[in-house]
1. Given only helices, namely DSSP H runs of n ≥ 4 each adding -39500 (n - 2.57), what is the per-residue ellipticity at 222 nm of the chain, to the nearest 500 deg cm²/dmol?
2. Using a probe of 1.4 angstrom, how much of the accessible area of the range 209-328 is carbon and sulfur, in percent?
3. As I understand it, the dipole of the range 460-580 uses +1 on the Cβ of Lys and Arg and -1 on the Cβ of Asp and Glu, about the Cα centre. Which of L552, P486, N519 lies farthest toward its positive end?
4. Share of the range 44-100's accessible area from carbon and sulfur, percent, 1.4 Å?
5. How much of the pair distance distribution for the range 144-206 lies past 19 Å, counting alpha-carbon pairs only, in percent?
6. Using all alpha carbons of the range 595-708, what is the percent of pairwise distances in each 5 Å bin, ordered from the shortest bin to the longest?
7. Measure nothing but the geometry: give the 0 to 90° angle between the long axis through the Cα atoms of 330-349 and the longest principal axis through the Cα atoms of the chain, rounded to 10°.
8. If I compute solvent accessible area with a 1.4 Å probe over the protein chains, what percent of it on the range 561-708 is carbon and sulfur?
Amino acid sequence: MLSVLYLLLFLAGGVWIARMLLPGRRPLVRLYIGLSLGVLLLMWLPVLWAYGVRFSYLAHGLAAGTLLLLCALSWLLRDHTPAKPMNGKEERLALDLMWMVVPLAILSGFLQYTHSIRPMPDGSYYVGQSTYGDLSLHLAVTTSIVNAKFPLENSLMLGATMAYPYLADSIATTMMMLGQSLPTAMAFTGTLMMTLVFMGYGLLVSQLCRKRGARFLAFFLLFLNGGLGFFYTISGRVENGHVITMWNNLHNVMNGYYQTPTNQPDPNNLRWVNIICDMLIPQRGILGGWTMLMPCLNLLLPPLCQKQRHTFREMLLLGVMAGGMPLLHTHSFLALALTSAGACLYCVFTAARDDVYALPVEAESLQENSVADIEDTQPALMAHPAPFLPFANRIKSPALRAFLPWLVFGATAALLSLPQLLNFTFVQATNSNHFLRFQFNWCNNRGNNGLVDPYFWFYIKNIGLPYLLILFALLKRKPKDAETLPEDIRQNRLIAAGAFLIYLIAELIIFQPNEYDNNKLLYVWFLLCLPMAADYAMEIYERLKGLGGRRLIAAVFLITCFLSSSLTVMRECKSGYQAYSAKDVAVGEYIRENTPEHSIFVTGNQHLNPVSSLAGRTILCSSDSYLYYHGFDTNSRRHEIAAFYENPAENLWLLSQYDVDYIYVSSYERSANWFHLNETALEGLFPVIYESQGGEHRIFQVPEELKQ
């Protein structure tokens, strides 16, 4: 209960700040921005105080006090323009949002419950197909932050600073410290963030799409994304003399491990995985990043597309929210930066034609207490009659006037993000040769060894018909009889300026050791381009009016777009695997309750490790599946651990060098293929403080004299 009240305090604070600073925005947008800001402050304020007083209850109390001060400051800096009220258009939008958001929020809540270590009656923890690999990393980060000092150390690699973006996990730590169990904290915060992502994109497409049906199409094309992989499922084949039917394929999809039509790297080169099942559920980094990316895009793009002015307060708030993103998700921050750079260039180069900041004096003198609906009367004049800054209209150059808001946004974001990038992101990248390399066409060019599929066919079969719709929408040209550029074409070009800058960079540069991870950039290109694709699809449908088979064509189109993702979602809902046995859970509970916080353990490098993931204790070296892809070379540390387990008496120096407190032995250490455990030698040197029934799990305590 306390955790929910604490969350509600921050959500209310964010809504209050948004009301003070953004009265000219649509009520639903303002509410959404406020809720997202509250979550961002809940992530950041306890962390900032943790640099002085650890991530403790005191830090959370000080964070709550800081929130109240920020609310007071926002009142002092408030925009005195009357808040735009609810009207019929907002009520219709709210209803549309419910139809979009609620079904996916329910689906996500179910998947978070079943996939974020679901407790079973026998005491074990189960996960889903997509979380079997990644979840334990996030569990380790979440549990290790409790009362931790900052800068945060990496509990999976003793001695290393935590450079991995951890704020999407620290919010679960907060909920856990305030009373929620670990499974509840993970599922609760995951569902909260996913709901905000859905709400944010629903609002974005509702403002960018020109047709009501297009907003629904764009929304579901993003989150139920899937290409043409279902053709491989419904087609039969002969393998080694055996007939493989469609029913065999469907059985494999529903029961196999990663055999869905959206995720078959081999043999079908299907890499455009479903965003809900394979990204937002298992990868809390991108989930946290999109939780802040969506409000930033809502603040940035609709006014540009609708030729409305940004206010100084809007751009300042946008800079603050963007500046807090690197420790949430670096790819999302980079995607927002590239989007902003492309849109900025478009606005500057077209400023002479679309100069919304050069308003006449008469427009600037309009009464500020007007509450006319922006969509109904003179949007460019009534939305924000005051100049961006008092001196803005004195600037004669349209390009400079257009650049001024971007300068405020960019400078604020840079001021807040550079300390994170310099002290965390760049350190991790520059200390490894696995990051930043040239490679054309990301994972279709595996290891830079040549394209697996022809370039366009790779995208057509992976993304499906939306890829073609995006290209066709961009090919639209100004009618010969039109004197000015139509607004839909202008909007498409403005958005494409940022979106295809992302596409270009992601096609040429690999940013992490795993080339697959470039999809975290390409998905942002995709979500930006879907409004134009959906509008174009609705335009085609209208052109087919009068054709007898129009509805059949539409049905085939929808089946082609959503069949692959539907099979993927059904498989994910059905999946379930044991990650931690009841004995694993019991040893994790014992360690958490009976050993000092942040004590150091020698363990193997198994990725399902109750010591690090369930108890939050620090280990010498975790799995390469976590550490290699974050830039760590583990060879030396692994050799040291192997030498100790094989001959502990000759390697006691390891205990003093790393200040080891405990030694952990389980079935993994006994069967590891990179060392041969000498358990008898451990028994002769160290007392056993815990042994599970049957002796599967044992914990040896290191006497203080052996650590000298």
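1. Numbers: 29 runs with 405 residues, N = 708.
-18500 deg cm²/dmol, from helical runs alone.
2. Numbers: 2130 of 3700 Å².
After summing per-atom areas, the C and S share lands at 58 percent.
3. The residue sitting most towards the positive pole is L552.
4. Details: 2350 of 3150 Å².
Using a 1.4 Å probe with all protein chains present, the range 44-100 comes out at 74 percent carbon and sulfur.
5. Numbers: 884 of 1953 pairs.
When every Cα pair of the range 144-206 is considered, 45 percent fall beyond 19 Å.
6. Over the range 595-708, the share of Cα pairs per 5 Å bin runs 2, 11, 24, 27, 22, 10, 3, 1 percent.
7. Here the helix axis deviates by roughly 20 degrees.
8. Values: 2800 of 6050 Å².
Carbon and sulfur atoms account for 46 percent of the accessible area of the range 561-708.
The values are calculated or read from the model by the stated rules, or taken from the named source; none is laboratory data. Note that this is a predicted model, so its numbers are computed, not measured. Virtual Cβ from ideal backbone geometry, glycine too; neighbours counted across all protein chains shown. SASA here: full protein model, heavy atoms, side chains in, ligands and nucleic acids out. Shrake-Rupley method; radii C 1.70, N 1.55, O 1.52, S 1.80 Å.
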